[in-house]
Amino acid sequence: MLSVAEGKHRARFKCQKGRRWNSNRLTAQPPKFRLMFPYKDENPTERPAIITVAIIIANALVFILLQGAGAQGPLARSVCELGLIPGELLRTAKPGSGVELAPGMACLVGVAPKYWTVITSMFTHGGWLHLIGNMLFLWVFGNNIEDAMGHGKFIVFYLLCGITAAATQTLLSPHSIVPMVGASGAISGVLGAYLLLYPNVRVHTLIILPIYITSVALPAWVMLGYWAVLQLLSGLAGLSEIQKGGVAFFAHVGGFLAGLVLIRLFASDEVLRRRPTPPAGYYRYRSLG
């Protein structure tokens, strides 16, 4: 789809001298905490995180093999071909319209919606830092959620959170022609589930200030609550620019809410009852139904 539209639209590779790389793509960025970077938690698991590790490997392989390990041409092409374009998916954008992703390479809207990009966009990233940040968060928080529901359920849970995240961003920017990529919509669902199950678990975090770096252990509710509020406020502040690209804040919000809701259906009571400190908040939540 990069530089080639379907039907009678022709390839579009225009060399534009003096133009710089245009990062005009909508990325579901790593769940940013500004100056806070979690790197481990005090939350042992009973089962190995097979699916969490498999998802991390799959994302890394896609980036290396299909995205050229971040090389400009392959990266731009893969973002266009594998990323989700809201206006194309909903048929609200004119076929042949597009956005420049790299000098001389424009991503054009196709005639037919590419529904599979709802899934492929979850495994596509905009650069090394984007990939590493997302996979770090998945590793820190994903193993416990996989442990709480089992391997098979975790695959379904992860994909459903990612689909909900993509749907949220798409419905709020239905005319956007900017490709959306990144795993953090799905990972935001993992964060929502973690907040509900383990709000008091200590998460070790690097705090980076201009002249000082330290490590502290914070309750999960402090870190994840701060993150959720930050995403919502950032999304609301950027509503007027939502069609133009940038960080897909509402994908994060949608995925997070999906995780909060779906964990009730996917978590295993048997596993949770065996934990040293049963998640009382989770049981109160289940009792509401």
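The values are calculated or read from the model by the stated rules, or taken from the named source; none is laboratory data. As the structure is a prediction and not an experimental result, all values here were calculated from the model. Note that each Cβ is placed from the backbone with ideal geometry, even for glycine, and that neighbours are counted across all protein chains shown.
Points worth noting:
- Here the stretch 179-203 is the region considered, the condition is being more than 15 Å from the chain's Cα centre (by Cα) and part of a strand (DSSP E or B), and the residue that is nearest to C161 (Cα to Cα) is V203.
- Qualifying residue in the stretch 179-199 (condition: under 18 Å from Y226 (Cα atoms), surrounded by fewer than 23 Cβ atoms within 10 Å (Cβ to Cβ) and in contact with a strand residue (DSSP E or B) (Cβ under 6 Å, 6 or more places away or on another chain)): no
- Among residues of the stretch 155-181 that are in contact (Cβ under 8 Å) with a residue 60 or more places away in the chain and closer than 18 Å to L82 by Cβ, those with a Cβ under 6 angstrom from a residue that is assigned to a helix (DSSP H, G or I) and aromatic (F, W, Y), sequence gap 6+ or separate chain, pair up as Q169/F250.
- Subset of the stretch 201-212 [in contact with a helix residue (DSSP H, G or I) (Cβ under 7 Å, 6 or more places away or on another chain) and at pLDDT below 90]: T205
- Residue check, V140 part of a helix (DSSP H, G or I), out of contact with any Gly (no Cβ under 7 Å at 6 or more places or on another chain) and either hydrophobic (A, V, I, L, M, F, W, C) or over 21 Å from L160 (Cα atoms) (or both): yes
- Boolean, A166 is buried (at least 24 other Cβ atoms within 10 Å of the Cβ) and of a type outside the set (D, E, K, R): yes
- The listed residues are L75, L65, and the only one of them that is surrounded by 12 or more Cβ atoms within 10 Å (Cβ to Cβ), modelled with pLDDT of 85 or more and not in a strand (DSSP E or B) turns out to be L75.
- When the stretch 84-115 is limited to residues that are among the hydrophobic types (A, V, I, L, M, F, W, C) and assigned to a loop (DSSP other than H, G, I, E, B), the one that is farthest from T164 (Cα to Cα) turns out to be V111.
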